[in-house]
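The values are calculated or read from the model by the stated rules, or taken from the named source; none is laboratory data. Every value quoted in this text rests on a predicted model; they were computed, and no experiment measured them. Don't worry about glycine lacking a Cβ; one is built from the backbone with ideal geometry, like all the others, and counts go over all protein chains shown.
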Amino acid sequence: MPALVVRELHQYFEKGTVNENHALKGIDLTLEPGEFVAIIGGNGAGKSTLLNSVAGSIPVTHGQIKIGDQDVTYQNVAKRARLIARVFQDPKAGTAPRLTVEENLSLAQKRGQWRNFWANGVKKRDRALFREKLASLGLGLEDRLTAEIGLLSGGQRQAVTLLMATLQAPELLLLDEHTAALDPQTSATVMQLTAQLVAAQNITTLMITHNMQDALNYGNRLIMLDHGRIAVDLKGDQKQGLTVADLLRLFKEQSGQELNDDAVLLS
Amino acid sequence: MLDILISSISQGLLWAIMAIGVYLTFRILDIADMTAEGSFPLGAAITAHQLVSGTGPVLATLYGALGGALAGLVSGVLHTKLKIPDLLTGILTMTGLYSVNLFIMGRANVSLLADVKTVFSLVDLGNATWDTILVGGVMVTLVIGALVVFFNTEMGLGARAVGDNQAMSAANGINNDTMKIIVYMLSNGLIALSGSLMAQTNGYADLSMGIGTLVIALAAIIIAEILVRNLSFGKRLITIIIGAVIYRLIIAWVLDMGVDPNALRLFYALMLALFLALPLIQKQVKQWGERRENRQRML
């Protein structure tokens, strides 16, 4: 059974007004379990709209979304959370700043599950696990379990957010340009960490990136969106050995227009 | 002098319960909930009515608090399910509660005669003020204890996350609306409890006793935050008691100076404005000082 099925997904913004924007024009996408898909595309191509539709933060009125055997088309973000974990572009967005590192981790550990009002939020027996997981990041965070997470740097917070997302393996992991707000070196570290965590549990992943090289280096499938449609879809072997120049040429063949490298890189 | 201190402590303890209630919405959810000024007299009205009708003081107090929680439920639903802005939600519920309180009491003021048993007459230390301190102290301790436990449970962590970062809490499967409603109910339940206790210590419930209470509660919170910055949740709640006592002391001192009691609410408002501006003023003064030194260095 596929991990994710998106069928005939359309999204319109300000429908019926002069500003109408047909952001997604019938997306059909099927992800097999364990597929790690990088999504690229210029400004307004529909990358974020697609991800937000899958996450549930934009309501779906045209089309269908299934995760595993469950139809989630009409479920909200919180309801879908038992299946989906998400890392946002803004490092601040994925954590609760006034809560401590261990409190954030505990929250994420119960993602999508019922929360009791008699059970301790942070359990003693989990601390060893948290410490071990944090130590594996190599950022020295294992000694800062009780520090408010708002005190950590952007890169540290993003690394913890990734850990939170994979603490309880999701059916689907959504990465929304999650390295875009970081400096190049931290960005590379977080990207490697992503690959590690995803591979360790073979998590089905949808990653938006503005970085074509990252899209080529990471993941086993690459999708390029253009004006709300899938313009290029490369799997496994087709993706091997490809260069940025190849991608640009492919894009031109498929969409009939020139793609300025900067338009992708800088968007 | 000692009398003033002791009476300020007794009053401060009761106000602290209200301030802690306000703190839950104001700081944890970052919502300005004006329901407070309706749920405070609601707690007083329910308890006074129950006591006069012969209900025991513990049960009458509990009913008062539950009434407040119900008012919180109304505001919470209006705000989360109907998406009415928090400030308007509070005004709506507060306005509606005015009539509700009038229905409950049947008239604008209900006096508790001396022979009516209150929670404060459950103990007898030979002095009404000390009774208030004992009962009020036990109540505040129970409230803080229960809140600290709750906000460290799985659900409590969820509630704090909602106040911190709603995108994050939703992405982790927390129902933001439900959590907000729970906090609304806790908050207004405590505020009504404070109103209920206040009616019992003052010996009456009055329709207009809610006016200005939000300012008193906020002042206690802000004083606590000025005294000590950045505290953990439990310690912050304890400093709010100190904030409430200090505020009562200031009021007592002002009245002692011969200020017209009719001017008291104007004074409440001015003082809260001052407290709110204090951090900025402190920063300005410090910057002026640094600039003065810098000018001399640069001469």
- Filter result for A:ALA169 (of a type in the set (Gly, Ala, Ser) and in contact (Cβ under 8 Å) with a residue 40 or more places away in the chain): no
- Any chance A:THR73 is surrounded by fewer than 19 Cβ atoms within 10 Å (Cβ to Cβ), over 30 Å from B:ALA146 (Cα atoms) and in contact with a strand residue (DSSP E or B) (Cβ under 6 Å, 6 or more places away or on another chain): yes
- Test for B:THR80: is it more than 18 Å from B:ASN202 (Cβ to Cβ), of a type in the set (Ser, Thr, Tyr), modelled with pLDDT of 95 or more and surrounded by fewer than 24 Cβ atoms within 10 Å (Cβ to Cβ): yes
- Count, please, the residues in the stretch A:1-36 that happen to be surrounded by fewer than 21 Cβ atoms within 10 Å (Cβ to Cβ) and among the β-branched types (Val, Ile, Thr). 4
- Query: Among the residues of the stretch B:83-109, how many are loosely packed, with under 14 Cβ neighbours inside 10 Å and either among the basic types (Lys, Arg) or part of a loop (DSSP other than H, G, I, E, B) (or both)?
  - Reply: 5
- Task: Mind listing whichever residues of the stretch B:179-203 are at pLDDT 95 or above and among the hydroxyl-bearing types (Ser, Thr, Tyr)?
- Result: B:TYR184, B:SER187, B:SER194, B:SER196
- Item | Selected residue (only one of B:GLY173, B:GLY145, B:GLY156, B:GLY136 is crowded, with 22+ Cβ neighbours inside 10 Å, small (Gly, Ala, Ser) and more than 9 Å from chain A (Cβ to nearest Cβ)) | B:GLY136
- Query: Conditions: (1) more than 14 Å from every other protein chain (Cβ to nearest Cβ); (2) touching a residue at least 12 places away in the same chain (Cβ under 8 Å); (3) more than 14 Å from the chain's Cα centre (by Cα). A:VAL72 meets all but one. Number of the miss?
  - Reply: (1)
- Item | Residue among B:ILE211, B:ILE221, B:ILE246 that alone is in contact (Cβ under 8 Å) with a residue 60 or more places away in the chain, away from chain A (no Cβ under 14 Å) and buried (at least 20 other Cβ atoms within 10 Å of the Cβ) | B:ILE221
- What is the residue count in the stretch A:218-238 for residues that are surrounded by 18 or more Cβ atoms within 10 Å (Cβ to Cβ) and at negative phi? 11
- Does the stretch B:121-132 include one or more residues that are over 21 Å from B:ASP177 (Cβ atoms), under 19 Å from the mean Cα position of the chain (by Cα) and crowded, with 21+ Cβ neighbours inside 10 Å? yes
- Message: Restricting to the stretch B:131-149, count the residues that are hydrophobic (A, V, I, L, M, F, W, C) and in contact (Cβ under 8 Å) with a residue 12 or more places away in the chain.
- Response: 8
- Message: Can you tell me how many residues within the stretch A:105-135 are crowded, with 21+ Cβ neighbours inside 10 Å, within 8 Å of chain B (Cβ to nearest Cβ) and not in a loop (DSSP other than H, G, I, E, B)?
- Response: 3
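Residue by residue, here is whether (1) within 20 Å of A:ASP176 (Cα to Cα); (2) more than 14 Å from chain B (Cβ to nearest Cβ); (3) part of a loop (DSSP other than H, G, I, E, B) holds:
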residue	(1), (2), (3)
A:MET1	no, yes, yes
A:VAL5	yes, yes, no
A:THR17	no, yes, yes
A:VAL54	yes, no, no
- Matching residues, the stretch A:136-154, being away from every other protein chain (no Cβ under 14 Å), at pLDDT 90 or above, within 23 Å of A:ALA181 (Cα to Cα) and outside any loop (DSSP other than H, G, I, E, B): A:LEU141, A:GLY154
- Which of (1) within 18 Å of B:ILE31 (Cβ to Cβ); (2) without any contact (Cβ under 8 Å) to a residue 60 or more places away in the chain; (3) surrounded by fewer than 24 Cβ atoms within 10 Å (Cβ to Cβ) is the odd one out, the single condition B:MET179 does not satisfy? (3)
